[in-house]
Amino acid sequence: MTRPHALTFTACLLVCSGLAQTTRPPTTQQAAQNAARVAVARETAQVRSLQRSGGLKAVKVTGSCAGRDNIPLLKVWADAKGTPRLVQYQRLFPDNARSFTGYYDAAGRLRYAKASASGFIGLLYNVTTEYDAAGRQVAESGTRRPGWGQDVRRMPGLNPDLLKRGICTR
């Protein structure tokens with residue numbers, strides 16, 4: 001036999017505890033971070049839209065950016081003003097792989113980056129990083145091996161500023 005008063009009391013506790021919990025408004029810092037992430041999402045969406053619509057043109061890269069089979073390791077796309085907006089770099093060798101995809105705003109600042117690398121010891125890092133217009137990191141997700149805690153822009157063998165200009169680093 002079920003005790004109706006016990007169920008009513010339990011239901012009341014659940015409802016009342018839900019009402020007692022109030023959501024706190026975001027702090028100023030959280031609000032600024034959220035606004036920066038929204039701006040990054042807009043910039044990234046704009047670059048993807050430009051690429052789909054043919055608004056980005058391929059940029060010539062240096063000869064050092066070709067792999068063993070003369071397949072380009074680096075691809076750079078620029079907008080109508082010549083500003084690089086999308087950079088894709090991928091070097092795949094056994095026990096030594098590195099990839100980078102960067103989305104840049106109209107001023108040429110890195111706003112969104114996906115980077116990964118592995119070596120003979122396995123995965124070194126696989127991260128996605130977002131930057132605000134001032135170049136500050138606002139979010140990062142992914143995994144890193146201990147000792148690989150640098151900012152994506154300063155990872156060994158990876159220089160997004162040079163890649164953006166069509167120059168590969170080894």
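Residues that are in contact with a Lys or Arg (Cβ under 8 Å, 6 or more places away or on another chain) and not acidic (Asp, Glu) were ranked within segment 130-141; the one that is most open to solvent (accessible area, probe 1.4 Å) is Ala133. Restricting the search to segment 154-170, which residues are open to solvent by 70 Å² or more (accessible area, probe 1.4 Å) and either assigned to a loop (DSSP other than H, G, I, E, B) or touching a strand residue (DSSP E or B) at 6+ places or on another chain (Cβ under 7 Å) (or both)? Within segment 154-170, Arg165, Arg170 meet the criteria.
Can you confirm whether Ala97 is at pLDDT 85 or above, surrounded by fewer than 16 Cβ atoms within 10 Å (Cβ to Cβ) and not in a strand (DSSP E or B)?
Details: at pLDDT 85 or above: yes; surrounded by fewer than 16 Cβ atoms within 10 Å (Cβ to Cβ): yes; not in a strand (DSSP E or B): no.
In short, no.
Taking the listed residues Arg111, Arg52, the one that is of a type in the set (D, E, K, R) and surrounded by 14 or more Cβ atoms within 10 Å (Cβ to Cβ) is Arg111, with no other qualifying.
Table: residues versus (1) part of a loop (DSSP other than H, G, I, E, B); (2) of a type in the set (Val, Ile, Thr); (3) in contact (Cβ under 8 Å) with a residue 60 or more places away in the chain; (4) open to solvent by 30 Å² or more (accessible area, probe 1.4 Å).
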| position | (1), (2), (3), (4) |
| --- | --- |
| Asn70 | yes, no, no, yes |
| Val76 | no, yes, yes, no |
| Lys81 | yes, no, no, yes |
| Gln90 | no, no, no, yes |
| Gly102 | no, no, yes, no |
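Of the candidates Ala31, Ala45, the single residue that is free of Cβ contacts under 8 Å to residues at least 60 places away in the same chain, open to solvent by 50 Å² or more (accessible area, probe 1.4 Å) and in a helix (DSSP H, G or I) is Ala45.
The values are calculated or read from the model by the stated rules, or taken from the named source; none is laboratory data. What you are looking at is a predicted structure, and each value in this text was computed from that prediction instead of being measured. Counting neighbours? That spans all protein chains shown, and the Cβs are built from the backbone with ideal geometry, glycine included. What goes into the accessible areas is simple: the full protein's heavy atoms, side chains included, and nothing from ligands, DNA or RNA. Shrake-Rupley method; radii C 1.70, N 1.55, O 1.52, S 1.80 Å.
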